[in-house]
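Contents: one structure, followed by commentary.
The values are calculated or read from the model by the stated rules, or taken from the named source; none is laboratory data. This structure is a prediction, so every number in the text was calculated from the model and none was measured. Glycine also receives a Cβ, built like all others from the backbone with ideal geometry; neighbour counts cover every protein chain displayed. To get the accessible areas, we keep the full protein, side chains included, count just its heavy atoms, and leave off ligands, DNA and RNA. Shrake-Rupley method; radii C 1.70, N 1.55, O 1.52, S 1.80 Å.
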Amino acid sequence: MALEREHLRALAEEGFDLAAVHFPEVNGSGCARVLTNFYSVPVPVGVEVQAKVHSAYVEIWHQGQCVARHERCFKRQQKVLNLEHYLDALTKKPGAFAGSTALEQWRAQGRWPASFDRFWEALKQRRGKQDGTRAMIEALLLGRQYGYAALKESLEKALDLSCFDVEALHLLLTAERNEKRPPGEAVEIGALRSYDRPQPTTKNYDQLLENYPARGVIQ
């Protein structure tokens, strides 16, 4: 083998995609049928997408971007749903959130911690069932932007502070993010000294009082 290695061809520079490729359309449930199962995608109904089936996961591509990635299901006629794909639609129909299959699957996968339920319950007590649920969905949309690990951490801080407001949760997320910014580099401002000007003063305005009595009213 050591002698033959010198005579072997070089490895290919570009890898070969071993996925099986399909082109399903998104159905009315927001899913694309891949082989015998249905996988949720954040793409409008009726749009054709590209599904790449790997040995352990399924990727859904649209317009050159991977818009969804699911663990591959080897059963038949199953729905594999990601709650994040339905958040925009659920903001318009918050009543469907509590009993949604996507939420049930998140709970089964351990992606819905108990702190989310406590925050959701507090929102419903303050705003009512429908508005409180809509506020919880808005909080989950922050996870799409900042990551769900950061959302969980900030949400638990909000619970400790007895602060049950989405805007406050957003503030905690951005504050946590700003604290991690690297410090700015020092800048030499010696050349800017030529632009220094004296501080303004109101001394010249005292002359306006000379023509009026001390107790008068200036209009």
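For the stretch 1-54, the set of trypsin sites (Lys or Arg not before Pro) satisfying both a DSSP loop assignment and a count of at most 16 other C-beta atoms within 10 Å is given as 9. Axis angle, to the nearest 10 degrees, between helix 114-127 and the longest C-alpha principal axis of the chain: 50 degrees. To the nearest ten degrees, helix 129-146 and the longest principal axis of the Cα atoms of the chain are 80 degrees apart.
Measure nothing fancy, just the Cα-based angle from helix 148-160's long axis to the longest principal axis of the chain, in degrees from 0 to 90, nearest 10. It works out to around 50 degrees.
Taking 66, 31, 163 as the candidate residues, the one with maximal mean-square fluctuation in a Gaussian network model of the chain, Cα springs under 10 Å, is 66. Residues 11, 192, 142 ordered from highest to lowest accessible area at a 1.4 Å probe: 11, 192, 142. Only one of [x] 19.2; [y] 23.0; [z] 18.1 was calculated from the structure for Kirkwood radius over Cα pairs in Å, and its label is [y]. As a rough guide to protection, the peptides 198-209, 147-158 ranked by mean Cβ packing within 10 Å, highest first, stand as 147-158, 198-209.
Over the Cα atoms of the stretch 1-123, the radius of gyration divided by the Kirkwood radius equals 1.17; this is the Rg/Rh ratio.
Take every Cα pair under 8 Å whose residues are at least 6 apart in sequence, average their separation, divide by the length of the chain, and the relative contact order is 10 percent.
Comparing 191, 96, 12 in a Gaussian network model of the chain (Cα springs below 10 Å), the most mobile by mean-square fluctuation is 191.
Rolling a 1.4 angstrom probe over the protein heavy atoms with all chains in place gives the chain an accessible area of 74 Å² per residue. Residues 120, 61, ordered by accessible area of protein heavy atoms at a 1.4 angstrom probe radius and largest first, appear as 61, 120. The Rg/Rh ratio for the stretch 53-94, using Cα coordinates for both the radius of gyration and the Kirkwood hydrodynamic radius, is 1.05. What is the percent carbon and sulfur in the accessible area of the chain, measuring with a 1.4 Å probe over the protein chains and ignoring ligands? Answer for the chain: carbon and sulfur cover 51 percent of the accessible area. Think of it as helices only: each DSSP H run of n ≥ 4 in the chain is worth -39500 (n - 2.57), and spread over all residues that comes to -10000 deg cm²/dmol at 222 nm.
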